[in-house]
2 protein chains.
Amino acid sequence: MHSQSDLQDGARTGELDAPTRSVSITEQLRCGILAGDFQPGERIYEVNLSEKLKVSRTPIRAALQSLAGEGLLRHIPNRGYYVQEFSVDEIVQAYEIRATLEGLCAKRAAQLGLNAEDRDIIERALREGDLLLQKEELSADDRSIYGEINAAFHSAIHRAGQSRMLRDMLRVSQQVAPSSHRNVIAFELRDVRRRHDDHHRIYESILYRDGGRAELLMRDHVETVKISLIRSFSREATSPDGAVSSRTAKGVSSREIRRVK
Amino acid sequence: MHSQSDLQDGARTGELDAPTRSVSITEQLRCGILAGDFQPGERIYEVNLSEKLKVSRTPIRAALQSLAGEGLLRHIPNRGYYVQEFSVDEIVQAYEIRATLEGLCAKRAAQLGLNAEDRDIIERALREGDLLLQKEELSADDRSIYGEINAAFHSAIHRAGQSRMLRDMLRVSQQVAPSSHRNVIAFELRDVRRRHDDHHRIYESILYRDGGRAELLMRDHVETVKISLIRSFSREATSPDGAVSSRTAKGVSSREIRRVK
DNA sequence: TCAAGAAGGAATGTATACATTTCACTTAAG
DNA sequence: CTTAAGTGAAATGTATACATTCCTTCTTGA
C-alpha cells in the first residue's frame, strides 16, 4: 500500500506522514499502551514524556487527552494521567459489549451486503485459516499469524457495517489493555478451530443476507471467546505458573484495591 | 495582565465547583451543543470562544478535544473543530446501537439486581408517568416533564448495569446532536403510552431477575423509538410545515453533501 | 511517640508568544 | 474571461513561562 493520493509534506521528513505532532504522538502512545510498554495503573508524567519524545508538553497533553477519551488512560483533574486498569470483571464486560456490537455489525453487514474488496479479504482469511489450522499443533508464530487472520476477518465486517459510531465503539471495546489480542491467540487448538468454523458460518449467513442469523452467530462467536477467557483466568488463578501471558496476569489480577483514587 | 492573581476561578461567574477551567468549559460547551446553540456542521473557532468565555485558548483546546472524543465535535488536524453532523441514517444507526446496548444493560441489571435507591427512582418514574399519561392531551410542558421521567427511568437502569464502559457508550449513543431527547417527546400520545407500558414490563422482568426477557423487551423498546423517529422523519419530509422541531429538521436533513471533508 | 501543620519541591493548569498551515483574495499570464 | 500562482491575514499547532495544586517531608507541639 503506497502513500495516499496527495501528500505534499511529510515526505520531506522521511518519516511516516503525520499531520501534526499531536496525532503522531497519540498513535505512538496508543501502540505503546496496547503493547504493554506501560503497567496498568502506572502514572504517566507529561514532562517525562516530553523529554523522552523531544517535544513540548503541549502536544503531549493533547495526545493524553485523546487517549483518555478512548478509554486507554484515566485522567484525574489535578493529579495527572494513569494507564487505565481493567479488572477481570471489566474485561469480561468488555467482551459482552463487544459481542452485542459485533452482532449488530454483522447484521448490518448482511443487510447492506459486502463489497468485492471485503469479500476478498474475508475469503482469504477463511482460506488461510483453513490451511493453518490443519497443523497438529500451533507454534507461537502460528498463533500470532492466526491472530492477524482473525483481526482481518473482523475488521472487514466492521467496515461492512458502514457505521462510524459502531466502528468507534468496537475499537474501544477491543482496547482493554494488554489483554485483548494477546490472549485470544493463547487458547487450545480445538477452540481456535471451532471459532474459525464460526467464521465460515458467519460469512455464509452474511452472503445469504440473513441478518438475524449473522447477528446471532456473531454474538455467540464473541461470547465464546469470553467464556474461553474466563476459563483461562480461572486456570491462571489455580496454577500460577502458567507459561502463557504472565504479563497479562500481572495486568489484571488483584489490582482493584490499588486503584488510584 | 495578571488576571490569575486578581480573581480565583469561579468567583466571578459564581458557577458551581469546577476542578479546572477545562472541565468547566467542557461541560458548558457540551450543554450548549446538545441544546442546539450551535448549528450542525458549524465551525468552532478557538479564539472566538476564548474571547467569549474570557479564558485563554489552552483550556478551550482541552475542552474541544474532550468533546471530539465524545463524538460531539469533529476535529480535522489543521482545520479546526466542527459540530458533528448526523445524517438521518446515522441517527437511526445510533438508535440501533443504543437499543442493543440498553438491552445488554437491562440484562445485566436483571442479573445483578437493583439496589433500593434505583428501585425507588424507577417506581417513582412509573407512578408519575402513569399519572401524567392519564390526561387526554399533553401540553409542551407535559411532554418535557415526561422526557425527564423517561430519562430518570433509563438512567437508573444504566447505573444498575454497573459497567463503566457500557455507561460511556450509552452516553455517546444518546448524544446525537439536538435530535435526541427533544424528538422523543414529540410523538403521538398513544406511542408515549405504549412506551411507558414498556417501562412497566421491563421493570417487572428486572425484578423477576429474568435477564433474557429484560434484554428483549428493552431492545425492542428502544427500537420502537427508532421506528417512531423514522416515521416522524418521513412525515417531516412530506409536509415541511410540521410545527414540531423545525430546528431538528434543519439539523439533519440534506446536509450530507455539505460535509466538511 | 504520635499527630497536626507548615514548607518545600514537583507536577499539572493556564496564559501567551511564536511557528506553521490554511484559505481567500489579488494579480498576472494564457 | 478564465485559470493559475502568489501574497497576505487569520486560524491552528507548538513552545515556554508563569500560576496553582498536590504531595512529601520536616518540624513542632502535646
In region B:53-95, anything among the hydroxyl-bearing types (Ser, Thr, Tyr), in contact (Cβ under 8 Å) with a residue 40 or more places away in the chain and more than 7 Å from chain A (Cβ to nearest Cβ) is listed as B:TYR82, B:SER87, B:TYR95
Within region A:81-89, is there a residue that is small (Gly, Ala, Ser) and within 19 Å of the chain's Cα centre (by Cα)?
yes
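Identify all residues within region B:27-47 that are near DNA strand D (Cβ under 9 Å from one of its atoms) and β-branched (Val, Ile, Thr); write none if there are none.
Let us first name the residues in region B:27-47 that are near DNA strand D (Cβ under 9 Å from one of its atoms), namely B:43-47.
Selection gives B:ILE44, B:VAL47.
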Please go through (1) modelled with pLDDT under 90; (2) in contact with a helix residue (DSSP H, G or I) (Cβ under 7 Å, 6 or more places away or on another chain); (3) away from every other protein chain (no Cβ under 14 Å) for B:ALA152 and return the number of the only condition it doesn't satisfy.
(1)
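So if I check each of A:ALA99, A:ALA106, which one is away from DNA strand D (no atom under 16 Å from the Cβ), surrounded by 19 or more Cβ atoms within 10 Å (Cβ to Cβ), within 11 Å of another protein chain (Cβ to nearest Cβ) and touching a residue at least 60 places away in the same chain (Cβ under 8 Å)? Working first, answer last.
Details: A:ALA106 fails: within 11 Å of another protein chain (Cβ to nearest Cβ).
The conditions single out A:ALA99.
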Among the residues that make up region B:136-143, is at least one of them buried (at least 17 other Cβ atoms within 10 Å of the Cβ) and modelled with pLDDT under 95?
yes
Cross-chain or 6+ apart pairs with Cβ under 6 Å, region B:21-47 first and polar (S, T, N, Q), then more than 13 Å from DNA strand D (Cβ to nearest atom) and open to solvent by less than 80 Å² (accessible area, probe 1.4 Å)
B:THR26/B:SER66
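Among the candidates B:SER24, B:SER50, B:SER5, which residue alone is part of a helix (DSSP H, G or I), modelled with pLDDT of 95 or more and near DNA strand D (Cβ under 10 Å from one of its atoms)? Give the derivation first.
Details: B:SER24 fails: near DNA strand D (Cβ under 10 Å from one of its atoms); B:SER5 fails: modelled with pLDDT of 95 or more.
Sole residue among the options that is part of a helix (DSSP H, G or I), modelled with pLDDT of 95 or more and near DNA strand D (Cβ under 10 Å from one of its atoms): B:SER50.
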Sort out which residues of region B:199-217 are crowded, with 21+ Cβ neighbours inside 10 Å, of a type outside the set (Ser, Thr, Tyr) and within 20 Å of B:GLU128 (Cβ to Cβ), and write them in order of number.
B:HIS199, B:ILE202, B:ILE206
When the residues of region B:47-59 are narrowed to those that are within 8 Å of DNA strand C (Cβ to nearest atom) and buried (at least 17 other Cβ atoms within 10 Å of the Cβ), which ends up nearest to B:THR26 (Cα to Cα)?
B:PRO59
With criteria (1) more than 10 Å from DNA strand C (Cβ to nearest atom); (2) open to solvent by 20 Å² or more (accessible area, probe 1.4 Å); (3) of a type outside the set (Asp, Glu), B:ILE33 comes up short on (2)
What number goes with the only condition from (1) within 10 Å of chain B (Cβ to nearest Cβ); (2) at pLDDT 95 or above that A:ASP118 does not pass?
(1)
Failed condition for A:SER66, given (1) within 16 Å of DNA strand D (Cβ to nearest atom); (2) assigned by TED's automatic domain parsing to the domain that holds A:ASP168; (3) among the hydroxyl-bearing types (Ser, Thr, Tyr)
(2)
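The values are calculated or read from the model by the stated rules, or taken from the named source; none is laboratory data. What you are looking at is a predicted structure, and each value in this text was computed from that prediction instead of being measured. Note that each Cβ is placed from the backbone with ideal geometry, even for glycine, and that neighbours are counted across all protein chains shown. Keep in mind that these areas ignore ligands, DNA and RNA; they rest on the heavy atoms of the full protein, side chains included. Shrake-Rupley method; radii C 1.70, N 1.55, O 1.52, S 1.80 Å.
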